[in-house]
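Below you'll find the structure I mean.
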């Protein structure tokens, strides 16, 4: 045997040990009994559940799943478990990947690509009131599956509030009542990242949502997912108001929403929405429904939403949103306002946002919004008023904003009265606009 052959044999043996056992992590290969899976030790549609049930309670266990069709999986008290779909058996030599990726961006956004070919995908199906994956354990990773068919009160992936260290990665999650039921104790970080989450609209409880949480979520990341085709929300957090079931320390970042629905938060603190893009949302781009505080909304791009780009209301919880920072976002061509603070919103900072071509005002303060600070906003071609404050909104500070080419109304419009600038109820300083009401709150650019 040549030296080169010995090297390749050594590499192959090493990979075999890594993939199929021989170290502390037990590795199990599962096939569905119909599609090829050389070397599988379990071959049946229920094979994933069989492997999970056989795992030790402490783990670690790795379950590698060949392409095929599989029944629902429940994971209870099986900690430190990794399940990976699309597995190629036997594993190819480096640099080839041992798995077939479940999707790419173009296939995710193509409604004609079902992404459920059992010769290419490991397809796990739920059923009526049956989650495709139901996780009641710690440190469980689910990756590279197509997850579908959970209806009624069921989700594609159900992650328990009592546990943490949940990891849902690089899956296709589609055609369920809702996609991911994301709850966690927050004891260790959890994440839902890199998934294609689409068309989860089957009639039932919480239908039409990509990622849904109402039992409590903290110390979590929702990042780099693609959302498309949802009828209610891409991400929705509606737990609380009790602290145990509210949301905190949740980072929603670098997600892409295409022809989808809003991010909706209530009863949420100390979290962030950063670097996301939303195009043609069926509702707002980002919507706070009450009792949201200490949340940073920054660096997002929102275009052509049906309603308001970033909207602060008390629609679901009658506690105003406060102490949030809205900065560095670009919002354009939304059907209503681009950014609006309403329903008593207070002590929020809105700074360095670019807003263009809104259907109504570029930025609005309405419904008793007070003690907010708006600075360095650039606004172009708003439909009705570049920056608008209604008669009930007072004690706000507006500084160094620039509005221009408003289609109807004024670049700067304050309907309040009081002891502030030009006898309004607010303080206007160094704002630029060609037209204003009352006169004196803005000055034309020199």
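For residue 113 paired with residue 392, estimate the spin-label separation in nm (one decimal), with each label point 7 Å from Cα along the Cα-to-Cβ line.
4.9 nm
Could you tell me which of rounded, prolate or oblate describes segment 72-165, using a ≥ b ≥ c as the square roots of the eigenvalues of the alpha-carbon gyration tensor, with rounded for a/c under 1.5 and, failing that, prolate when a/b is larger than b/c and oblate otherwise? Provide the component values of the computation, followed by the final result.
Numbers: a/c = 2.25, a/b = 1.26, b/c = 1.79.
The shape class here is oblate.
Still on this model: Quick check: from the Cα gyration tensor, does the chain come out rounded (a/c under 1.5), prolate or oblate? Could the numbers behind the result be given before it?
Details: a/c = 2.78, a/b = 2.40, b/c = 1.16.
Taking the square roots of the gyration eigenvalues as a ≥ b ≥ c, the chain is prolate.
Let me check against my output: what whole-number percent is the relative contact order of segment 276-446, with C-alpha pairs under 8 Å and at least 6 apart? Numbers along the way, then the final one.
Values: 597 pairs, mean separation 23.7, N = 171.
Relative contact order of segment 276-446: 14 percent.
A further question follows. Normalised by the residues of the chain, what does the relative contact order come to in percent, with Cα pairs under 8 Å and at least six apart? Numbers along the way, then the final one.
Working: 1548 pairs, mean separation 27.0, N = 446.
Dividing the mean separation by the residue count of the chain yields 6 percent.
Of all beta bridges DSSP finds with both residues in the chain, what is the antiparallel percent, to the nearest 5? Working shown, then result.
On the way: 2 of 143 bridges.
Bridges in the chain are about 0 percent antiparallel.
How long is segment 170-237 along each principal axis, judged by its Cα atoms, biggest number first, in Å?
33, 24, 14
Under 10 Å, Cα contacts only: if you run a Gaussian network model on the chain, which one of 51, 205, 132 comes out with the highest mean-square fluctuation?
In the Gaussian network model the winner is 205.
Once you sort the root eigenvalues of the Cα gyration tensor of segment 276-446 as a ≥ b ≥ c, which label holds: rounded (a/c under 1.5), prolate (a/b larger than b/c) or oblate (the other case)? Working shown, then result.
On the way: a/c = 1.72, a/b = 1.20, b/c = 1.43.
Because a/c hits 1.5 or more and a/b fails to exceed b/c, segment 276-446 counts as oblate.
What Kirkwood radius, in Å to one decimal, follows from the Cα pairs of segment 313-355? Don't jump to the answer; show the numbers that get you there.
Details: mean 1/r = 0.0876 Å⁻¹.
By the Kirkwood definition, the hydrodynamic radius is 11.4 Å.
Related question: With angles folded into 0 to 90 degrees, how steeply does helix 3-20 sit against the dominant principal axis of the chain? Use alpha carbons for both and round to 10.
Helix 3-20 sits roughly 70 degrees off the main axis of the chain.
Since every read-out is calculated from the coordinates, none of them should be taken as a lab result. Here the structure is a predicted model, which is why all the values come from computation and not from measurement. Cβ coordinates were reconstructed from backbone atoms using ideal geometry, including for glycine residues, and neighbour counts include every protein chain displayed.
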